[in-house]
Amino acid sequence: MAADVLIVGAGPAGISTATYLKRAGISYRMVDRAGVIASTWANLYESLRLNTAGFVSHLPGRRMPLRYGIYPSGRQYYTYLQEYLRHHPVEVELGVEVRRVAPEGEGWRVETSADSAVYPCVVVASGRFSNPVLPDIEGRDRFQGDVLHAGAYHRPQDFTDRRVLVVGSGPSGGDIAVDLARCASPPVMLAIRSDLVIARSYPYGLPTTAWVMIAESLPKRWRKGFLNRVSYQTYRGQETLGLPLAPNRDDRVGTSAPVRGPDLIREVRAGRIRAVAGLSRLEEGAAVLLDGARVEVDAVILCTGYRPAISYLDLSFETDADGWMLRRSEDSQQIKDRPGLYLVGRFYRGLGPLHNIRREAQIAVREIARHLDGAGRR
């Protein structure tokens with residue numbers, strides 16, 4: 001007999017959901033197509049750090065070690081996940097790919113690389129980082145260098161003495177450009193299509209997460225203005241660097257996610273990073289930019305984001321601007337008009353995704369319990 005719940009994905013969202021289901025006494029099966037748990041975190045670039053504080057980014061029932069500091073590295077977070085499972089073990093089947101989820105009767109037919117079964121409930125916890133956005137770039141087939149997505153970037157030593165163009169001005173673009181500045185042929189070129197936001201990691205001496213927590217105590221009508229003023233505190237003199245900075249805190253034409261910390265400013269001042277116009281097309285050994293400039297490059301790294309990894313959903317649903325399924329309501333994790341189907345690990349607001357995962361998993365499990373009770377399964 002199939003379990004009550006099938007969880008797709010064994011990252012932080014799936015593990016949190018399994019933990020709460022286990023506490024609630026609800027049977028589940030968690031599968032992941034990768035060969036390791038939290039494969040995204042296992043394969044991120046070495047220099048990555050969380051952009052939300054570790055003291056709110058933990059899984060249910062176990063905080064991250066204080067020795068990790070305010071902003072743990074990606075490697076530390078993955079170590080934390082492995083340690084978490086040693087203290088809070090949950091069942092997981094690795095190397096099992098979900099190929100199709102479709103409604104059948106009052107449940108969900110799930111076809112995997114291992115079997116096919118019907119489950120009363122399915123939790124979509126597959127995230128988005130396994131589905132990178134790779135834009136269609138004119139001339140890519142003629143380009144003689146390497147073109148890769150940020151998800152395939154691991155360490156700067158792989159680009160030693162190579163001319164590199166990093167495309168994208170969000171946190172990943174800034175981080176990777178700074179990382180490459182240690183090894184690549186200077187300057188690393190950072191292609192910015194619209195604008196760039198640089199903000200402090202510790203505005204007015206506190207981590208941004210602390211300011212978000214303070215803002216939650218304010219009347220709702222004041223929060224956005226307060227957080228814009230605090231969270232986007234900048235550095236003096238950055239307007240002299242020739243960067244296409246966003247015009248102000250409230251009118252960011254391009255990215256709304258800031259590059260945090262002084263590292264990018266330092267590398268631009270040192271001449272190891274140079275901001276250039278957005279990428280227009282590629283030629284055999286060069287990139288042509290939107291302003292018509294032609295720059296010779298050996299590699300292009302696309303920090304162009306990700307889309308939801310939900311191609312296995314064989315059903316109709318409404319989506320938001322990012323391609324995620326709409327929920328039944330703001331305080332629900334059930335997919336709109338799809339009883340028994342839930343989404344965990346989507347929302348980035350407030351204290352950040354790793355904090356929100358716990359809340360989303362709790363809500364989803366409460367809804368699952370009510371759904372199963374209503375169906376007479378418990």
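The values are calculated or read from the model by the stated rules, or taken from the named source; none is laboratory data. If you're wondering where the values come from, they're calculated on a predicted model, not measured in any experiment. Glycine also receives a Cβ, built like all others from the backbone with ideal geometry; neighbour counts cover every protein chain displayed.
Exactly one condition in (1) more than 17 Å from residue 14 (Cβ to Cβ); (2) among the aliphatic types (A, V, I, L, M); (3) crowded, with 20+ Cβ neighbours inside 10 Å is not met by residue 133; state its number.
(3)
Please go through (1) more than 14 Å from the chain's Cα centre (by Cα); (2) touching a residue at least 24 places away in the same chain (Cβ under 8 Å); (3) surrounded by fewer than 21 Cβ atoms within 10 Å (Cβ to Cβ) for residue 352 and return the number of the only condition it doesn't satisfy.
Residue 352 satisfies all of (1) more than 14 Å from the chain's Cα centre (by Cα); (2) touching a residue at least 24 places away in the same chain (Cβ under 8 Å); (3) surrounded by fewer than 21 Cβ atoms within 10 Å (Cβ to Cβ) except (1).
In this structure, is residue 309 modelled with pLDDT under 90 and outside any strand (DSSP E or B)?
No.
Which of (1) among the charged types (D, E, K, R); (2) under 29 Å from residue 69 (Cα atoms); (3) surrounded by fewer than 21 Cβ atoms within 10 Å (Cβ to Cβ) does residue 179 not meet, given it meets every other one?
(3)
Find all pairs meeting these conditions: Cβ atoms under 6 angstrom apart; at least six residues apart or on different chains; first residue within the range 107-134 and assigned by TED's automatic domain parsing to the domain that holds residue 312; second residue surrounded by fewer than 20 Cβ atoms within 10 Å (Cβ to Cβ) and acidic (Asp, Glu).
113/97; 118/104
Inspect the range 94-109 for any residue being modelled with pLDDT of 95 or more, surrounded by 15 or more Cβ atoms within 10 Å (Cβ to Cβ) and farther than 19 Å from residue 325 by Cβ and give the result as yes or no.
Yes, that holds for at least one residue.
Of the residues that sit in the range 67-93 and are among the charged types (D, E, K, R), under 18 Å from residue 22 (Cβ atoms) and free of Cβ contacts under 8 Å to residues at least 40 places away in the same chain, which one is surrounded by the most Cβ atoms within 10 Å (Cβ to Cβ)?
Applying the filter and picking the extreme gives 83.
Could you list, in sequence order, the residues of the range 319-351 that are out of contact with any helix residue (DSSP H, G or I) (no Cβ under 8 Å at 6 or more places or on another chain), farther than 23 Å from residue 99 by Cβ and in a loop (DSSP other than H, G, I, E, B)?
If the condition is that a residue be out of contact with any helix residue (DSSP H, G or I) (no Cβ under 8 Å at 6 or more places or on another chain), farther than 23 Å from residue 99 by Cβ and in a loop (DSSP other than H, G, I, E, B), then 320, 321, 322, 326, 328, 329, 330, 336, 337 are the ones that fit.
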